[in-house]
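Every read-out reported here was derived from the displayed coordinates using simple, explicitly stated rules and does not represent laboratory data. For clarity, every value in this text was computed on a predicted model and none was experimentally measured. Counting neighbours? That spans all protein chains shown, and the Cβs are built from the backbone with ideal geometry, glycine included.
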Amino acid sequence: MALEDMKFIQNFKKITEDAWLKGWHERNGGNITYRLTEEEVAGVKVFINEDSAYTPIGVTVKNLANEYFLVTGSGKFIRNMTVCLEENAGIVKIDEKGENYKIVWGLTNGAKPTSELPSHLMSHSIKVEKTNGAHRVIMHSHTTNVIALTFVLPLDGAVFTRELWEMATECPVVFPSGIGIVPWMVPGGSAIADATGELMKSHDVVIWAHHGMFCSGETLDLTFGLMDTVEKSAEILVKVLAMGGKKQTITSQNFRDLARDFNVSISEDYLS
Ligand code: 2HA
Ligand code: ZN
């Protein structure tokens, strides 16, 4: 079996293709990282080369020591992941201090991991701690309608959460822990990684104002689905606002009833 026949690689290609078709990944916009399971690491051993040198990550992620990640490449296009994965993505290994990475597969011709590697790995680190290792995926997309809303709604996570919940009944079930908002910041560094990681402690969805969205999840499918659900809700809200605004909506009591019947706990912070 070739590396590219492995299930996680096939799943990765499927969601990159789907995300491109959604219109979330113009040019080199957006990036995706996936933390391999132990079985997947064992399965890729015959294909990888651990001889390359370590490079600083820019943040310290001690609890990710010796973990392997499939990562999209810096400057690479999500639409090309299915064309040639080796040139556009790669597998990196984190060192035992959680401070450096090395490329062990792919990212050929001198390519590097995504410029947002600090934000991705900081978010992975927080989620490994908070979910006991259940979350494996961080996805960053330039979702059109969510970005549009960051020019119009106050940059307040409680407002975004409530407004987006109201646009689709299933939203509080899909993202019960709500949304965090990072104000506009220079992307690509450790400062935005710290701000994103802080919000990932209590949310699976973090919006970067005037830029895009970060989603965390257990599987590639669930993370894509979360991104899609939030963006779909944002699309409805953009249409509602364009039609002159809400004339009626889902009430706080409706949400409490939904939470009870669907067995999800949602914070009263969003239900005033
Ligand atoms: O170009 O999306 O945030 C990749 C990005 C940077
Ligand atoms: Zn971006």
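Odds and ends about this structure:
- Take the conditions (1) in contact (Cβ under 8 Å) with a residue 60 or more places away in the chain; (2) buried (at least 20 other Cβ atoms within 10 Å of the Cβ); Pro176 misses just one of them, which is (2).
- Ala242 being small (Gly, Ala, Ser), surrounded by 17 or more Cβ atoms within 10 Å (Cβ to Cβ) and either within 16 Å of ligand 2 (Cβ to nearest atom) or more than 20 Å from Ser115 (Cα to Cα) (or both): no
- Cross-chain or 6+ apart pairs with Cβ under 9 Å, the stretch 26-49 first and touching a residue at least 12 places away in the same chain (Cβ under 8 Å) and in a loop (DSSP other than H, G, I, E, B), then of a type in the set (Asp, Glu) and within 16 Å of ligand 2 (Cβ to nearest atom): Gly30/Glu116
- Scanning the stretch 50-64 for residues that are buried (at least 19 other Cβ atoms within 10 Å of the Cβ) and outside any helix (DSSP H, G or I) yields Ile57, Val59, Val61.
- Selection of the stretch 227-272 for residues being β-branched (Val, Ile, Thr) and touching a residue at least 40 places away in the same chain (Cβ under 8 Å) yields Thr229, Val230, Ile236, Val238, Val240, Thr249, Ile250, Val264, Ile266.
- Some residue of the stretch 119-136 being under 19 Å from Thr60 (Cα atoms), without any contact (Cβ under 8 Å) to a residue 40 or more places away in the chain, surrounded by fewer than 19 Cβ atoms within 10 Å (Cβ to Cβ) and not charged (D, E, K, R): yes
- Single residue of the stretch 27-39 satisfying the filter (over 12 Å from the mean Cα position of the chain (by Cα) and within 10 Å of ligand 2 (Cβ to nearest atom)) that is surrounded by the most Cβ atoms within 10 Å (Cβ to Cβ): Asn28
- Taken over the stretch 77-110, the residue count meeting the criterion of being closer than 25 Å to Met185 by Cα, assigned to a loop (DSSP other than H, G, I, E, B) and either touching a Cys at 6+ places or on another chain (Cβ under 6 Å) or away from ligand 2 (no atom under 16 Å from the Cβ) (or both) is 2.
- Boolean, Ser216 is more than 13 Å from ligand 1 (Cβ to nearest atom), in contact (Cβ under 8 Å) with a residue 60 or more places away in the chain, part of a strand (DSSP E or B) and farther than 21 Å from Leu241 by Cα: yes
- On inspection, Val174 does not qualify as touching a Cys at 6+ places or on another chain (Cβ under 8 Å) and more than 16 Å from ligand 1 (Cβ to nearest atom).
- In the stretch 4-48, residue nearest to ligand 1 (Cβ to nearest atom) [restricted to those that are touching a Leu at 6+ places or on another chain (Cβ under 9 Å) and among the aliphatic types (A, V, I, L, M)]: Ile32
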